[in-house]
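**Q** Just dropping this structure here.
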Amino acid sequence: MRKLIWIAFLLACGASSLSADETVRARRALVEDAVAVTEPGNELGEFVSRMSARAARVFSLAQPGSREEAVRLVDAAVAKVAAAELSPRRKTPLLESLSILRATVTEAEAPASGTLTVRVLRPAGDGSATSASAGGGVYVAMDGVDVGETVNDGTLVIKAPAGRTVRITATVYPSESGDAHTQVQANENGVVDVFLQDGKEATAGSALIIDQLEEDTLPWDLEALTMRFDEFGATAALQAIESADLTDSAGNVTVIPDGTLAIKADGTIYATNLRFIRNYLDHHDEATLEIHGYDEALRNHNGSVTFKVSRVQLGGVVSNASSTGETYVAAKLLGSDQVFHTKADATGHFTFEQLPQGTYDVVVEGGQHVLATQRVKASKRNVEVRMRARETE
């Protein structure tokens, strides 16, 4: 905590010497430090990192609506942290660092920009060195962020951050893409040509999310399985699944049979045959799910998620918990970055419903204090522990 406060102080002192873009990136680094110090767990930590990084990138591109989109991304991270069952000693630094980032993207002066005309071209097709306009409807992205589509003459006029090199990508799904690097100066006009190449699979920048996953862990006896390709808070409108398979830790691949997975109207993928999924999970401790599909715009979505299979319920009671106020419990799996969190009830009882087998450091926390620690080996279905919270001043 003291480290984070000191970093924030240094950033505040040096803010006047930084550009708006540099200040936002520095604030985003503060969020990363908070994630590293507080250990909120893989799932929450990765979400916060992903959203804050995207917010900083979106802000830096100086597009219309960039500030609003950056604020939306930070707010999504804040909401996720606020809803998590973290002790104040973990939750407070995360929320404070995100608050600092949000204030910066809200109040900072927009980065200086110039005007950039993107011209998208494709080979003439007769083997000559000439090129022709790619026409309208080509997706254009700048540094991985969508900025629009070309009009009929194959061009798109956009704002671009001044004084630094950006990567412009043009894509016609499913298999044409090209990119180019360019730079514009403040209040000046520039032109960049992007040449499409066929035979290059164009993939949307989405991430495969499993809704039932908790800290990279799936319960072996799950009652439902739903997934989605997430595009920073929006579910991609998936139209078809081209392939889906499961790979175990030894590299053995199991193809998921046709009809096992289906797609809802909103793009959510769900399991129609849970028996197959449960049977697989019952015989494996770790696996990687990989899905390939495409959406209504024929954009390819490829994603994979590696997870452990939970076989343990860890429960316990913290005596003397009532004297410490609200009591939180964290279980860190040794040899990994996985940290599970829960909150004890008024009587001090707590339960972790789904944990992979292994050895855990169980930490009892109240307020800003660690109240008790115990190392526990979880190798059977149900494990019970008893811990005593120390009194705090």
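The values are calculated or read from the model by the stated rules, or taken from the named source; none is laboratory data. The model shown is predicted, which means the values in this text are computed figures rather than measured ones. Because the Cβ atoms are built from the backbone with ideal geometry, glycine has one as well, and the counts that use them run over all protein chains shown. Surface areas here come from the heavy atoms of the whole protein model, side chains and all, with no ligands, DNA or RNA. Shrake-Rupley method; radii C 1.70, N 1.55, O 1.52, S 1.80 Å.
**Q** Which order do you get for 99, 175 if you rank them by accessible area with a 1.4 Å probe, largest at the top?
**A** Highest to lowest solvent-accessible surface, that is 99, 175.
**Q** In addition: Counting only Cα, what are the radius of gyration and maximum Cα-Cα distance Dmax of the chain, in Å?
**A** 24.6, 82
**Q** Show me, for the range 287-298, the HN-Hα J-couplings you get by feeding each phi into the Karplus relation (A = 6.51, B = -1.76, C = 1.60, θ = phi - 60°), rounded to Hz, glycine and proline as x.
**A** Karplus-based 3J(HN,Hα) across the range 287-298 equals 7, 10, 9, 10, 10, 10, x, 9, 9, 5, 8, 6 Hz.
**Q** Among 52, 274, 186, which residue has its Cα positioned farthest towards the positive end of the charge dipole of the chain, with +1 placed on the Cβ of Lys and Arg, -1 on the Cβ of Asp and Glu, and the dipole taken about the Cα centre?
**A** Toward the positive end, the furthest listed residue is 52.
**Q** What value, in deg cm²/dmol to 500, does the helix sum -39500 (n - 2.57) over DSSP H runs of n ≥ 4 give at 222 nm once divided by the residues of the chain?
**A** Mean residue ellipticity, 222 nm, calculated: -8500 deg cm²/dmol.
**Q** What is the packing order of peptides 251-261, 185-195, taking the mean over residues of other C-beta atoms within 10 Å and listing the highest first?
**A** Going from most to least packed, we get 185-195, 251-261.
**Q** In square angstrom, what is the accessible area per residue of the chain with a 1.4 angstrom probe?
**A** On a per-residue basis, 48 Å².
**Q** With the crude spin-label approximation of a point 7 Å out along Cα→Cβ, what separation in nm comes out for residue 79 versus residue 370?
**A** Output for this residue pair reads 3.4 nm.
**Q** If one computes the Cα centroid of the range 26-57 and of the range 266-320, what distance in Å separates the two points?
**A** 24
**Q** Rounded to the nearest 0.05, what FRET efficiency is calculated for residue 109 and residue 254 with R0 set to 51 Å and r the Cβ-Cβ distance?
**A** 0.40
**Q** Per q in 0.11, 0.17, 0.20, 0.24 Å⁻¹, report the Debye log10 I(q)/I(0) for the range 297-393, using one uniform scatterer on each alpha carbon and no solvent.
**A** For the range 297-393, the Cα-only Debye profile gives -0.37, -0.71, -0.91, -1.22.
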